[in-house]
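One structure is given here, and the rest of the page talks about it.
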Amino acid sequence: SAKRHGRNHDQRFRPSLDVAGDRQLALVNELRTALAKGTQLELHYQTQHTLGNGALVGMEALLRWRHPEHGMISPGDFIPLAERHGLMSSLGSWVVERAIAQLASWRIAGMAEIPVWVNISALQLIQGDLEARLAACLAQHRVPARLLGLELTESVLLDERAGDIYPRLEALRALGHQIAIDDFGTGYSSLSYLKRLPIDKLKLDRAFVRALPEDSADAAIVGAVLTMARGLSLEVIAEGVETTEQRNFLLHHGCPLVQGFLFSRPVPAAELEARLLKEPQPI
Ligand code: C2E
Ligand code: MG
Ligand code: MG
Ligand code: MG
């Protein structure tokens, strides 16, 4: 939590916003070193649950940078920096490899097999060898692809530099991966791609969840997305669920899955393990 890391949210260090050019370059170099050494970077895991009985059905891996002077830095603050300075593709590879290694060690420890979802950036897809990298890393760690879900944003799906995305997604699914559209509803794309693209899940952006149930426009949008997704046989997971009122609205409107601070914040792997050992999940 924010407190434990000795800083509160409002005072947090935001390199992409507050920091002058030369300081930013220094940070980029620090990030490069952290990547090369494999230190300071961590994945935290946020649980995903069925809304009906609260069963644990997945976890999202979220990148953190534990900076020696600035404390924990959020991805929203350093990913833009990494993108601007050509570090995003190594950062993305680090995330994928760390998540797969974590899945492998959980398997070896005999933990229940819960899929881990990683965020995939546009650059990782544009590079073109994502499929091969994933397959090699999974094989090396003896982890089945069905345990590694891929979250892509609409902007990634529509980025022309990624080539024809349709066969790529088909190939990833043929390998066994599940694919989710992240931050659904916030992009500028047409709905027609939902009919066409081979995907499994929509992650309803928390912008639509935040003001539930009072905001009648958001309530209408969420209801409509849920109905549409059912018709298209897509699962929906609502992001950013913080209150029981939001949860109850979603339950009442047939949302199958949820993720949010009401259930769990993103936590380090060790903390998650301790929690799972204490209260075995209904799976
Ligand atoms: P995202 O993929 O949409 O991830 C969900 C974000 O919402 C996370 O922020 C999470 O901590 C936050 N969140 C979850 N539940 C709640 C809630 O109930 N209330 C509120 N207020 N927030 C909630 P985080 O970890 O700061 O990540 C921000 C974004 O950074 C992510 O959004 C994702 O786009 C990007 N990101 C994070 N890790 C990676 C990564 O490994 N690779 C890439 N390419 N992007 C990443
Ligand atoms: Mg995500
Ligand atoms: Mg999201
Ligand atoms: Mg989001």
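The values are calculated or read from the model by the stated rules, or taken from the named source; none is laboratory data. Here the structure is a predicted model, which is why all the values come from computation and not from measurement. Don't worry about glycine lacking a Cβ; one is built from the backbone with ideal geometry, like all the others, and counts go over all protein chains shown.
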>> I'm checking my understanding of the structure. Among residues of the stretch 224-241 that are buried (at least 16 other Cβ atoms within 10 Å of the Cβ) and assigned to a helix (DSSP H, G or I), which one is farthest from ligand 2 (Cβ to nearest atom)?
In response: LEU226
>> Considering only residues that are exposed (fewer than 14 other Cβ atoms within 10 Å of the Cβ) and farther than 16 Å from LEU43 by Cβ, which ones fall in the stretch 255-273?
In response: PHE261
> What about SER264, is it over 22 Å from ALA122 (Cβ atoms) and either touching a residue at least 40 places away in the same chain (Cβ under 8 Å) or not in a helix (DSSP H, G or I) (or both)?
Replying inline: yes
> If you scan the stretch 174-199, which residues turn out to be of a type in the set (D, E, K, R), surrounded by fewer than 16 Cβ atoms within 10 Å (Cβ to Cβ) and touching a Leu at 6+ places or on another chain (Cβ under 8 Å)?
Replying inline: LYS195
> With respect to ASP218, is the statement that it is surrounded by 15 or more Cβ atoms within 10 Å (Cβ to Cβ) and either on the phi < 0 side of the Ramachandran plot or away from ligand 4 (no atom under 16 Å from the Cβ) (or both) true?
Replying inline: yes
> Is it the case that some residue within the stretch 50-71 is farther than 19 Å from LEU134 by Cα, in contact with a Lys or Arg (Cβ under 7 Å, 6 or more places away or on another chain) and surrounded by fewer than 18 Cβ atoms within 10 Å (Cβ to Cβ)?
Replying inline: yes
> Quick check: anything in the stretch 210-228 within 12 Å of ligand 1 (Cβ to nearest atom), under 24 Å from ILE120 (Cβ atoms) and hydrophobic (A, V, I, L, M, F, W, C)?
Replying inline: no
>> Can you find, within the stretch 127-173, the residue that is surrounded by the most Cβ atoms within 10 Å (Cβ to Cβ) among those that are out of contact with any strand residue (DSSP E or B) (no Cβ under 9 Å at 6 or more places or on another chain), of a type in the set (Gly, Ala, Ser) and at pLDDT 95 or above?
In response: ALA145
> Picking from ALA180, ALA207, ALA274, which residue would you name as being within 16 Å of ligand 4 (Cβ to nearest atom), closer than 21 Å to LEU62 by Cβ and assigned to a helix (DSSP H, G or I)?
Replying inline: ALA207
